[in-house]
Amino acid sequence: MRLRHGAESVPGKAAPDPELRLQEARLYVITPDAEPERIIEVAAAAVRGGADVVQLRHKTLPRGLLLELARELRRLLSDRLFIVNDHVDIALLSGADGVHLGPDDISIEAARTIAGARLLIGVSASTVDAARGALAADYFGSGPAFATPIKTNKKVIGPRGIADIASAVEPKPVFAIGGIDEHNVAELTSIGIRRVCVIRAVAESADPEQAVRRLRAMLTA
């Protein structure tokens, strides 16, 4: 098992045994593109509701503010896995547990060169071939599971497509993503998919904390 950074080297403190927590994780909440105060509210609700992983994803916030927000979330998420989207440097400087890389980000190999063994690295993969080509990653986000307004240009691969990817990279964790909510999560669990990423199902809920509780209960039932 790779050694992770300690609290003494960076602001905040990584969750204990990140790799073990990743294997045990079921519900992964991604923050919305919103004002920092709203992101903190959503993240706090996710913690109270029992989310296992929270990812800071913000495509428009200036990098200086993004780092400040990441450091604040690290403090809030002291006993949860905290992932930063796209930015390896911000993940390291904030004491995050990992970074998630998309197809337009730097390679896994480049991220490892920068971060060494200090970060979990997740990648997006929508096909079995893409996942097999990224086996150096620690986990995968795969989808879209269902139609979603966030990525309208991506072909929906459905629950079966995600199950195929999970089988191809086992035992590495695969989190289904895309259009998942309380109304369709059973379509995933019914075929053995019990790891999901959500954005709108939590961020746009009237009660994000309860939305997290319900989703996690469905995934662990």
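For the stretch 189-217, what are the residues that are without any contact (Cβ under 8 Å) to a residue 40 or more places away in the chain and part of a helix (DSSP H, G or I)? Passing the criteria: Thr189, Ala201, Arg214, Ala217.
Residue-level check: of (1) hydrophobic (A, V, I, L, M, F, W, C); (2) under 20 Å from Arg57 (Cα atoms); (3) in contact (Cβ under 8 Å) with a residue 60 or more places away in the chain, Ala91 misses just (3).
When the residues of the stretch 13-24 are filtered to those that are surrounded by fewer than 20 Cβ atoms within 10 Å (Cβ to Cβ) and in a loop (DSSP other than H, G, I, E, B), which remaining residue is modelled with the lowest pLDDT? The selected residue is Lys13.
Among the numbered conditions (1) surrounded by fewer than 16 Cβ atoms within 10 Å (Cβ to Cβ); (2) at positive phi; (3) in contact with a helix residue (DSSP H, G or I) (Cβ under 9 Å, 6 or more places away or on another chain), the only one that Gly116 does not meet is (3). Looking across the stretch 177-188, the residues that are in a helix (DSSP H, G or I) and more than 18 Å from the chain's Cα centre (by Cα) come down to Ala186, Glu187.
Filter the stretch 20-42 for residues that are closer than 25 Å to Thr189 by Cβ and among the hydrophobic types (A, V, I, L, M, F, W, C) and give the result. Answer for the stretch 20-42, where residues must be closer than 25 Å to Thr189 by Cβ and among the hydrophobic types (A, V, I, L, M, F, W, C): Leu20, Leu22, Ala25, Leu27, Val29, Ile30, Val42.
This table checks each residue for (1) over 16 Å from the mean Cα position of the chain (by Cα); (2) acidic (Asp, Glu); (3) modelled with pLDDT of 95 or more.
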position	(1), (2), (3)
Ala51	no, no, yes
Arg63	yes, no, yes
Gly98	no, no, yes
Asp105	no, yes, no
Gly133	yes, no, yes
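Of the residues that sit in the stretch 135-166 and are surrounded by 12 or more Cβ atoms within 10 Å (Cβ to Cβ) and polar (S, T, N, Q), which one is modelled with the lowest pLDDT? Applying the filter and picking the extreme gives Thr148.
Specify the residue that is surrounded by the fewest Cβ atoms within 10 Å (Cβ to Cβ); the eligible residues are those in the stretch 205-217 that are out of contact with any strand residue (DSSP E or B) (no Cβ under 9 Å at 6 or more places or on another chain) and farther than 8 Å from Gly49 by Cα. This residue is Ala206. What do you reckon, is Val128 within 24 Å of Glu170 (Cβ to Cβ) and more than 12 Å from the chain's Cα centre (by Cα)? Here the answer is yes, as Val128 does meet what is asked.
Among Arg4, Arg74, which is modelled with pLDDT under 95 and of a type in the set (Lys, Arg)? Steps first, answer last, please.
Details: Arg74 fails: modelled with pLDDT under 95.
Going through Arg4, Arg74 in turn, the sole match is Arg4.
The values are calculated or read from the model by the stated rules, or taken from the named source; none is laboratory data. On a predicted model such as this, the values are computed, not experimentally measured, just so you know. Note that we place each Cβ from the backbone using ideal geometry, even for glycine, and neighbour counts take in every protein chain shown.
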